[in-house]
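Comments concern the structure below.
The values are calculated or read from the model by the stated rules, or taken from the named source; none is laboratory data. Predicted model only: the values in this text are computed from it and were never measured. We place every Cβ from the backbone using ideal geometry, glycine too, and count neighbours over all the protein chains shown. Just the protein is used for accessible areas: all its heavy atoms, side chains included, with ligands, DNA and RNA removed. Shrake-Rupley method; radii C 1.70, N 1.55, O 1.52, S 1.80 Å.
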Amino acid sequence: MSMIEEPLYPIAVLIDELKNEDIQLRLNSIRRLSTIARALGEERTRKELIPFLSENNDDDDEVLLAMAEELGVFIPYVGGVEYANVLLPPLETLGTVEETCVRDKAVESLCRIGAQMREQDLVEYFIPLVKRLAAGEWFTARVSSCGLFHIAYPSAPEALKTELRAIYSQLCQDDMPMVRRSAATNLGKFAATVEAPHLKVDIMSMFDDLTHDDQDSVRLLAVEGCAALGKLLEPQDCVAHILPVIVSFSQDKSWRVRYMVANQLYELCEAVGPEPTRSELVPAYVRLLRDNEAEVRIAAAGKVTKFCRILNPELAIQHILPCVKELSTDSSQHVRSALASVIMGMAPVLGKDATIEQLLPIFLSLLKDEFPDVRLNIISKLDQVNQVIGIDLLSQSLLPAIVELAEDRHWRVRLAIIEYIPLLASQLGVGFFDDKLGALCMQWLKDKVYSIRDAAANNVKRLAEEFGPDWAMQHIVPQVLDMINNPHYLYRMTILHAISLLAPVMGSDITCSKLLPVVINASKDRVPNIKFNVAKVLQSLIPIVDQSVVEKTIRPCLVELSEDPDVDVRFFATQALESCNQVMMS
């Protein structure tokens with residue numbers, strides 16, 4: 001190929017591949033745009049590649065999405081920020097297509113480019129683009145335009161700023177609900193760039209239009225705007241303009257709007273300040289906690305602790321606690337679960353007396369809930385209550401419930417309890433643990449479900465770490481080692497696993513004197529699975545024990561196993577012998 005033709009080659013390949021019927025080829029070609037641009041050089045990229053992409057009317061959304069993404073990072077390939085404007089036409093086209101994810105990606109890329117453009121270029125190229133999209137005949141263009149105002153507005157001269165605010169106001173009243181939804185979603189971003197005097201007048205009138213929209217999908221997006229606008233306004237303006245909207249939304253006829261209020265209420269409380277929260281928002285929140293839709297109650301219940309932190313304890317006890325009692329016996333298990341996941345956090349807020357009198361009975365009823373997730377959510381947060389009411393009371397009231405869960409017929413419940421045992425042990429102390437929970441930990445090593453046995457072995461290790469090797473030597477190791485004689489090979493395997501986990505915690509001396517003999521003995525087991533697990537355990541013990549022990553005890557055992565009739569036993573024994581040799585070499 002001659003020198004003149006060579007630079008044409010990449011663009012020719014690109015054009016061929018972009019017109020190929022195979023979508024995968026077209027996609028690959030788009031994903032290699034940056035490579036092609038580098039091959040062409042900046043000038044030819046601007047003059048040939050970008051115009052070609054602008055004209056490329058591929059109808060496959062995947063290709064268009066990839067193109068929208070690639071163009072967002074294309075500024076270096078067209079010659080830097082001063083030429084960024086050449087990237088706007090293809091992205092403008094992509095911002096009008098029917099597929100939402102393509103439009104969203106095009107808007108994201110336009111925002112990324114706009115944020116880097118020089119001020120005069122924004123006025124000359126970017127703002128006209130926003131205006132064209134906002135005046136688009138097809139609603140998709142108008143939807144996309146809403147996401148670009150916050151980039152265009154700060155650089156605009158005063159007259160253009162007034163025009164942009166007027167255009168956004170029209171978009172908030174557009175005939176198409178999709179456009180109004182987009183305007184509601186982006187109002188907070190746009191408002192953050194608008195000057196304070198216009199914020200109170202223009203933005204608040206747009207916000208007012210959206211809050212009275214007849215479509216609930218627009219109103220629920222306006223709820224999100226409440227929190228964003230609340231942070232921008234002065235507290236007194238917030239109380240005057242935002243608070244009435246929140247209160248009316250909390251009684252909206254659409255449950256989806258009420259759900260959004262329940263989700264956002266805590267952020268809204270921060271925006272309006274403590275006094276209006278107490279007088280106006282507490283009644284609204286109580287209404288949401290008693291809503292007739294379970295979804296709304298779930299959202300409200302999940303925020304109960306955060307909400308109580310804003311109030312003083314008296315108000316929380318007077319208004320919120322009665323609702324919490326009702327929710328703890330709610331007909332929906334998901335409401336109870338949401339409550340259980342946060343209710344423990346109320347203990348520090350309410351103080352010791354109120355926790356003992358009011359909250360403990362609720363904890364206990366949730367701990368005995370028929371739905372496993374509810375019980376687990378309570379157990380996982382016990383430490384928050386322990387800090388408030390002390391260990392004695394906690395153990396008296398909660399221990400029976402914990403023991404009951406430890407023997408629950410659902411294995412996932414048993415599993416969750418095991419995972420919390422080390423946490424409970426560290427919270428409740430060694431004396432309490434020995435009396436009440438020690439026997440349970442041994443019992444789990446013989447559970448019918450493998451996951452429970454596996455977790456029980458890990459639990460034994462974590463307890464040894466928590467209370468130290470001396471305690472473990474007295475309370476755990478003897479019972480664990482006794483179980484190696486269990487008639488069922490699966491239980492014997494669990495014990496081998498437990499030994500391999502305990503050895504690093506117990507240290508070299510105890511491993512050599514107590515644990516290693518048991519493992520060596522197990523190598524004579526009649527079940528191949530036990531024997532190859534012995535090889536694995538011995539391999540894990542090599543770094544822990546002295547070199548002399550490896551040579552005298554571990555190596556002979558592995559040599560014997562490496563001649564076993566079973567292929568798996570031979571494989572793992574040979575692997576372990578290789579580890580022995582590596583240690584010797586080092």
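What to note about this one:
- One residue stands out among those in region 565-586 that are open to solvent by 20 Å² or more (accessible area, probe 1.4 Å) and either β-branched (Val, Ile, Thr) or not in a helix (DSSP H, G or I) (or both): the one that is modelled with the lowest pLDDT, which is 586.
- Residue within region 72-82 that is surrounded by fewer than 21 Cβ atoms within 10 Å (Cβ to Cβ), modelled with pLDDT of 80 or more and touching a helix residue (DSSP H, G or I) at 6+ places or on another chain (Cβ under 6 Å) present: yes
- Applying the set (1) in contact with a Phe, Trp or Tyr (Cβ under 6 Å, 6 or more places away or on another chain); (2) surrounded by fewer than 23 Cβ atoms within 10 Å (Cβ to Cβ); (3) free of Cβ contacts under 8 Å to residues at least 40 places away in the same chain to residue 253 leaves exactly one unmet item: (1).
- Cβ-Cβ under 9 Å pairs, at least 6 apart or on other chains, region 72-96 side at positive phi, far side not hydrophobic (A, V, I, L, M, F, W, C): 79/42; 79/43; 79/45; 79/46; 80/42
- Residue check, residue 232 over 16 Å from residue 162 (Cβ atoms), at pLDDT 75 or above, open to solvent by 10 Å² or more (accessible area, probe 1.4 Å) and of a type outside the set (Val, Ile, Thr): no
- Restricting region 301-330 to residues that are under 17 Å from residue 259 (Cβ atoms) and of a type in the set (D, E, K, R) leaves a set whose member that is most open to solvent (accessible area, probe 1.4 Å) is 306.
- Residue match in region 222-234 (condition: without any contact (Cβ under 8 Å) to a residue 40 or more places away in the chain and more than 26 Å from residue 255 (Cα to Cα)): yes
- Restricting region 538-555 to residues that are aliphatic (A, V, I, L, M) and part of a helix (DSSP H, G or I) leaves a set whose member that is surrounded by the most Cβ atoms within 10 Å (Cβ to Cβ) is 538.
- When region 331-359 is filtered for residues that are modelled with pLDDT of 80 or more and either of a type outside the set (Val, Ile, Thr) or open to solvent by 20 Å² or more (accessible area, probe 1.4 Å) (or both), the ones remaining, listed by number, are 331, 332, 333, 334, 336, 337, 338, 339, 340.
- Qualifying residue in region 381-390 (condition: in contact with a Phe, Trp or Tyr (Cβ under 9 Å, 6 or more places away or on another chain), modelled with pLDDT under 75 and surrounded by 19 or more Cβ atoms within 10 Å (Cβ to Cβ)): yes
- Selection count, region 146-155, where residues are without any contact (Cβ under 8 Å) to a residue 40 or more places away in the chain and either surrounded by 23 or more Cβ atoms within 10 Å (Cβ to Cβ) or at positive phi (or both): 1
- Residue match in region 171-179 (condition: touching a residue at least 12 places away in the same chain (Cβ under 8 Å), under 23 Å from residue 261 (Cβ atoms) and open to solvent by 10 Å² or more (accessible area, probe 1.4 Å)): yes
- Residues satisfying the stated conditions in region 103-144, i.e. open to solvent by 20 Å² or more (accessible area, probe 1.4 Å), within 30 Å of the chain's Cα centre (by Cα) and among the charged types (D, E, K, R): 104, 105, 108, 112
- Test for residue 535: is it crowded, with 20+ Cβ neighbours inside 10 Å, touching a residue at least 40 places away in the same chain (Cβ under 8 Å) and assigned to a helix (DSSP H, G or I): yes
- Residue count for region 235-254 satisfying the condition of being in a helix (DSSP H, G or I) and acidic (Asp, Glu): 1.
- Some residue of region 156-163 being within 28 Å of residue 258 (Cα to Cα), open to solvent by less than 60 Å² (accessible area, probe 1.4 Å) and among the basic types (Lys, Arg): no
- Residue selected from region 455-490 under the condition outside any helix (DSSP H, G or I) and under 19 Å from residue 519 (Cα atoms), by the criterion most open to solvent (accessible area, probe 1.4 Å): 487
- Per the conditions (1) under 24 Å from residue 401 (Cα atoms); (2) touching a helix residue (DSSP H, G or I) at 6+ places or on another chain (Cβ under 9 Å), the sole criterion not satisfied by residue 311 is (1).
- Candidates 40, 27, filtered to the one that is of a type outside the set (S, T, N, Q), surrounded by 14 or more Cβ atoms within 10 Å (Cβ to Cβ) and closer than 17 Å to residue 72 by Cα: 27
- Residue list for region 44-90, restricted to those being of a type in the set (D, E, K, R) and either closer than 15 Å to residue 110 by Cα or more than 37 Å from the chain's Cα centre (by Cα) (or both): 44, 46, 47, 48, 55, 69, 70, 82
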